[in-house]
Amino acid sequence: MSISFNEIPVNIRVPGTYVEIDNSQAIQGLLPMPSTALMFGQMRADGTAVAGQPVRVTRAGLAPGLFGVGSMLAGMVSAFFDANGFVPLTVVPVADDSAAGVASSRTLTVDSGPTATGTLSLYIGGRRIQVRLTAGTAAADAAATIASAITADTGSYLIAEPAAAVITLTAKNTGLDVGNIDVRHSYYQGESLPSGMALTISDLTPGAGNPDIQPVIDALGDTWYTTMVMPWTDAPNLRALTAELADRFGPIRQLESHAFAAVAGTVSEVATAGEAQNSPHLTFADAGQTISPSWLMAAADAGIDAGEPDPARPRQTLVLPAALLPAPETEQRTWAERNTLLHSGIATHTITADGFVAVERLITTYQGDTANVENPSYLDVTTLRTVMYMRYTVRARVANKYPRSKLADDGTPVSPGSAIVTPSVMRGELISLANDWAAIGIVEDLAQFKRDLLVERNATDRNRLDAVIPPNVINQLRVFAGQIQFRL
């Protein structure tokens with residue numbers, strides 16, 4: 001008997017018609033790669049979620065109750081869903097570091113009260129708080145009114161405590177990254193302090209003691225998440241995460257994932273942070289183009305990337321959620337500064353004409369091999385996303401079409417219908433797969449693929465089929481350069 005059946009035995013004697021269903025040839029095209037996201041972040045004590053326990057979040061409105069009102073995670077979940085409302089999101093809440101955690105703080109001093117009635121527009125981490133103040137209000141009373149308005153904004157990331165004319169603003173979560181909150185007033189054109197009023201906003205006193213992500217990573221097991229959101233930028237946590245991502249990406253676990261983080265600071269500080277990393281699995285974005293917290297940008301970038309169904313299509317020009325307010329024009333990065341950052345492993349953003357933050361180029365932090373030789377092979381996130389998708393479809397094609405096949409050399413007589421695969425059969429399957437890749441626009445030069453494709457039976461393990469699969473990954477239109485040679 002030449003046909004290989006999966007369920008019908010060969011020794012049936014009972015009369016009847018027996019028909020089994022085999023789905024190994026049902027899939028004719030490419031399978032879509034699953035997209036799932038995992039977010040780390042800090043919760044507050046009033047959240048109902050259990051620290052360290054993953055929780056599936058289906059909409060942004062659930063986050064304040066789960067993770068605490070005004071918490072880092074409440075803001076991050078909102079930014080992710082604003083950027084992408086359909087990719088499944090799992091959140092791992094982490095408690096503040098009770099031993100080493102220190103909250104950041106700064107002061108807002110009312111130097112003089114208003115001499116005319118007016119409205120103060122205060123911005124805390126990009127959130128606008130409007131305070132109506134009447135003429136003749138004393139400085140201490142104005143400070144109390146402002147503090148009450150900040151407290152009334154339950155989503156604010158800061159706690160306001162007035163004492164005479166001074167308001168102490170303290171982050172609701174402890175830690176270095178969570179407390180990096182911008183505070184300013186009169187952001188939009190036409191906004192100004194009420195007449196006669198003067199404010200002094202002090203420099204930030206940074207927080208300290210980010211939570212340790214390692215126990216969370218250890219608890220993940222082999223659950224597959226294609227996207228991760230990383231709010232912390234300290235060296236130990238990034239080292240732990242990138243090591244895990246590298247291990248997941250390897251040929252044994254094959255749990256491909258890409259993480260997004262963001263860092264604020266001067267161009268020099270941001271460039272230095274990027275140059276300290278060298279992972280193809282991490283995107284480190286410059287948060288200097290927004291007055292919103294860096295971890296909101298990380299969540300928004302992750303949502304934008306995870307929501308793009310085409311792994312090879314550039315993300316440039318995609319607009320981030322409106323909640324991320326752009327930096328004022330005088331503070332925005334110049335072309336030269338952004339170009340410098342892109343050579344330092346930092347992803348960049350631009351500001352649209354109508355005042356939104358948009359992706360300019362999502363790159364990875366990979367800058368060179370272990371010998372410190374510059375290597376742009378993993379520069380763009382699209383490259384990683386594309387090869388991740390290719391590997392997924394190779395695995396799916398082989399697993400679906402040849403789940404219980406026997407292996408024989410080329411030239412072996414094989415009857416039609418037999419569950420036997422040879423190197424030439426697998427070669428044909430891979431060429432067919434490459435044609436499918438070309439049809440959706442993720443590879444080019446099929447002639448080169450066929451020429452360089454190698455499929456052979458392993459010399460020592462006769463149950464193993466080896467292959468070198470050489471796709472020419474399609475590129476993106478990043479730069480157009482032209483020269484106008486005019487004539488008179």
The chain: relative contact order in percent, alpha carbon pairs under 8 Å with at least 6 residues between | 13
Once amide H atoms are built 1.01 Å from N in the peptide plane, which residues 5 or more positions from ALA285, or in another chain, come under 5 Å H to H?
-> ALA261, ALA262, VAL263, ALA347
Extension reserve of the ALA163-ALA467 stretch, reckoned as 0.36 nm per residue once the Cα distance is removed | 102.3 nm
Could you run the Karplus curve 6.51 cos²θ - 1.76 cosθ + 1.60 with θ = phi - 60° over segment 313-323 and give me ³J(HN,Hα) per residue in whole Hz, x for Gly and Pro?
-> 7, x, 8, 4, 6, 5, 8, 6, x, 5, 5
For LYS406, counting only aspartates and glutamates whose alpha-carbon sits under 14 Å away and dropping same-chain residues fewer than eight positions off, the answer is ASP461
Among ASP177, ASP466, ASP436, what is the fewest-to-most ranking by other Cβ atoms within 10 Å?
-> ASP466, ASP436, ASP177
Inter-label distance, nm, simple model (7 Å from Cα along the C-beta direction), VAL19/PHE356 = 5.3
In order over segment 53-62: 3J(HN,Hα) from phi, Karplus 6.51/-1.76/1.60, θ = phi - 60°, whole Hz, x for each Gly or Pro, gives 9, x, 9, 7, 10, 9, 7, 5, x, 7
Residues of segment 410-443 with amide N under 12 Å of the 7 Å Cα→Cβ point at LEU454 = none
Of all DSSP beta bridges with both partners in the chain, the antiparallel percent, nearest 5, is 70
Option label - log10 I(q)/I(0) by the Debye sum over Cα atoms at q = 0.08, 0.10, 0.13 Å⁻¹ computed here, alternatives [x] -0.45, -0.72, -1.30; [y] -0.54, -0.84, -1.33; [z] -0.60, -0.83, -1.20 | [z]
Evaluate E = 1/(1 + (r/R0)^6) for SER418 and LEU477, where r is the Cβ-Cβ distance and R0 equals 35 Å; express this FRET efficiency to the nearest 0.05.
-> 0.15
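Order these by the 10 Å Cβ neighbour count, fewest first: ILE351, ILE12.
Numbers: ILE351 18, ILE12 9.
Ranking ILE351, ILE12 by Cβ neighbours within 10 Å, fewest first, gives ILE12, ILE351.
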Say each of ALA138 and PHE5 gets a label point 7 Å from the Cα, pointing the same way as Cα to Cβ; how far apart are those two points in nm?
-> 9.7
Give me the number: length gained by fully extending ASP212 to GLN254, i.e. 0.36 nm times residue separation minus the C-alpha to C-alpha distance, one decimal in nm.
-> 12.6 nm
What's the FRET efficiency of ILE12 with ASP247 using the Cβ-Cβ distance as r and R₀ = 35 Å, to the nearest 0.05?
-> 0.15
Read phi for every residue in segment 133-144 and hand back ³J(HN,Hα) as whole Hz from Karplus 6.51 cos²θ - 1.76 cosθ + 1.60, θ = phi - 60°, with x for Gly and Pro.
-> 10, 9, 4, x, 5, 5, 4, 5, 5, 4, 4, 5
Expected sort for 158-166, 332-340 on mean C-beta neighbours within 10 Å, highest first, is 158-166, 332-340
How high is the FRET efficiency between THR151 and LEU31 when r is their beta carbon distance and R₀ equals 35 Å, given to the nearest 0.05?
-> 0.10
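Every number in this text was worked out from the coordinates using simple rules, so none of it is lab data. Computed from a predicted model, the values in this text were never measured in an experiment. Counting neighbours? That spans all protein chains shown, and the Cβs are built from the backbone with ideal geometry, glycine included.
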